[in-house]
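Q: First the structure, then my questions, so here it is.
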Amino acid sequence: MKIAASLVFAATAIVMATPASAQFAKPEDAVKYRQSALSIMGTHFGRIGAMTSGKAPYDAKAAVDSAQIVATMSRLPWPAFTADTEKVTVQTRAKPEIWTNNAKFKDDSEQLQNETGKLLAAAQTNNLDNLKAAFASTGKACKSCHDDFRKDVK
């Protein structure tokens, strides 16, 4: 039994150590993956924003459901920003600074993940004022990354 457990642990360690680029058959797949994750995150963040701005009625359950999705999705796109995707020919809004200032990009992505965790915790309080405050902080984290690393749509 100890041998089997050791083999499982070793296999898991090898898989976890595999570079992110190996997770995608082509660089274009990585771009589509990260765009999809960010799109879903944005959609659910927008639903919360509609509630916090009064454009949609506050629904505590819907806020928690969306915040859970936002928190989960906030962890997914980052491994798909691999160096081989910098020059992908499909439409992308990623600025070259992602690769030239990767340390800040990583810091920004970690800040977003931290803030989305706080957003979920605030949503779980079923208190609109708590949700508004956490939404504003999370929005600042989004904006910081967008300002530095996302091209405007023309």
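Q: Among the lysines, select those whose C-alpha is under 23 Å from the C-alpha of residue 61, and discard any that sit fewer than 8 residues away in the same chain.
A: Candidates past the 8-residue exclusion: 118, 132.
Q: Taking the square root of 5 times each eigenvalue of the Cα gyration tensor, what semi-axes in Å does the equivalent ellipsoid of the range 21-76 have, largest first?
A: Output for the range 21-76: semi-axes of 29, 10, 6 Å.
Q: Assuming 0.36 nm per residue, please report the length gained on full extension of the stretch residue 151 to residue 136 beyond their Cα-Cα distance.
A: Length gained between residue 151 and residue 136: 3.2 nm.
Q: While we're on this one: By per-residue mean of other Cβ atoms within 10 Å, what is the highest-first order of 118-124, 107-113?
A: 118-124, 107-113
Q: Based on alpha-carbon centroids, what's the gap between the range 116-136 and the range 42-109 in Å, whole number please?
A: 17 Å
Q: Counting only residues 5 or more places away or on other chains, whose amide H sits under 5 Å from the amide H of residue 150 once H atoms are built in the peptide plane?
A: 95
Q: Grab the DSSP H runs of the chain that are 4 residues or longer, score each as -39,500 (n - 2.57), total them, divide by all residues and round the 222 nm result to the nearest 500 deg cm²/dmol.
A: Here the helix-only value at 222 nm equals -22500 deg cm²/dmol.
Q: At q = 0.17 Å⁻¹, what log₁₀ I(q)/I(0) does a Debye calculation on the Cα points of the chain give, no solvent, two decimals?
A: -0.98
Q: Still on this model: Need the full-extension length gain, residue 61 to residue 76, defined as separation in residues times 0.36 nm minus the C-alpha distance. One decimal, nm.
A: Separation in residues times 0.36 nm, less the Cα-Cα distance, equals 3.1 nm.
Taken together, the values in this text are just the output of simple stated rules run on the coordinates, not laboratory data. Quick caveat: nothing in here was measured; it's all calculated off a predicted structure. Positions of Cβ are backbone-derived with ideal geometry, glycine not excepted, and every protein chain shown enters the neighbour counts.
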